[in-house]
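Below you'll find the structure, written out as structure tokens, and then a few comments.
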Amino acid sequence: MADADRVRDFYGRWAHLYDRLATAPGVRSWRRRAAAALDLEPGDTVVEMGCGTGANFPSLCERVGPEGRVVGVDLTPAVLERARARSADRGWANVHCCLGDATRPPVSGPVDAVLGTFVLGMFPDPAAAIAEWCELCRPGGRVAVCNFQRSPHPLAWPLNRAFGAFVWASSPGWERPDGPVTTAFEDRVAAGRTALAARTEDRRFERFAGGYLGLLTGRVPAE
């Protein structure tokens, strides 16, 4: 089974639980931080790759205002239905949800910003996905990726083992809770971050949530 099919099957089956986790109070603060890193202004257009159930939409809508536009892309119909319902319940006429693959986004540019939260580890070729996102973004626009990682703190090793179990549980198609699964996940995240750093300027990287989250943003160079 291809990676995209595994992701679609896994998140479709667990859409309800995923939505609860994605909108938990602590997680909401992480999402606000990621949205803030995009330096959005009223009237901007932002595309979220792998938008899931729309948990980032409140923060993005707040920043672009009613005159801006938020476009969410996801390949899992079940989670996208929840994203559309969230938008309808909030009365967000400027939010548009697209069924499609974030590695080949069905969106026309240029746009002002692109956001991907907790998705790089799912892509077989994260560098190619980042290249697509940077091409979609206008010169001077910003691309941001936020992902889980092991903490570098010397006393964090017990939680780092728990991190491995979390990666195993949330990575469709991977089989072990330590070793190769965690390494493969981190290799994909690192490849995506390296690609974003190579294609952007004015880069910013920050760790938070005890070092278990890393947020990298970069600005697409002006032509």
Relative exposure of M49, M122, judged by other C-beta atoms within 10 Å (fewest first): M122, M49
So the FRET efficiency between E206 and D89, C-beta based with R0 = 35 Å and rounded to 0.05, is 0.65
Kirkwood Rh over Cα pairs of the range 38-144 into Stokes-Einstein at 4 °C, 1.567 mPa s: D in µm²/s? 96
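Give me the net charge for the shell around R204: Cβ to Cβ below 14 angstrom, other residues only, Lys and Arg +1, Asp and Glu -1. Could the numbers behind the result be given before it?
On the way: positive: R33, R142, R193, R203, R207, R219; negative: D39, E201, D202, E206.
Net local charge, R204 excluded: +2.
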Mind giving me the FRET efficiency for L99 and S29? R0 is 35 Å, r the Cβ-Cβ distance, nearest 0.05 is fine. 0.75
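A short reminder: the numbers here are calculations on the coordinates, not readings from a lab. Values in this document were obtained by computation on a predicted structure and should not be read as measured data. Note that each Cβ is placed from the backbone with ideal geometry, even for glycine, and that neighbours are counted across all protein chains shown.
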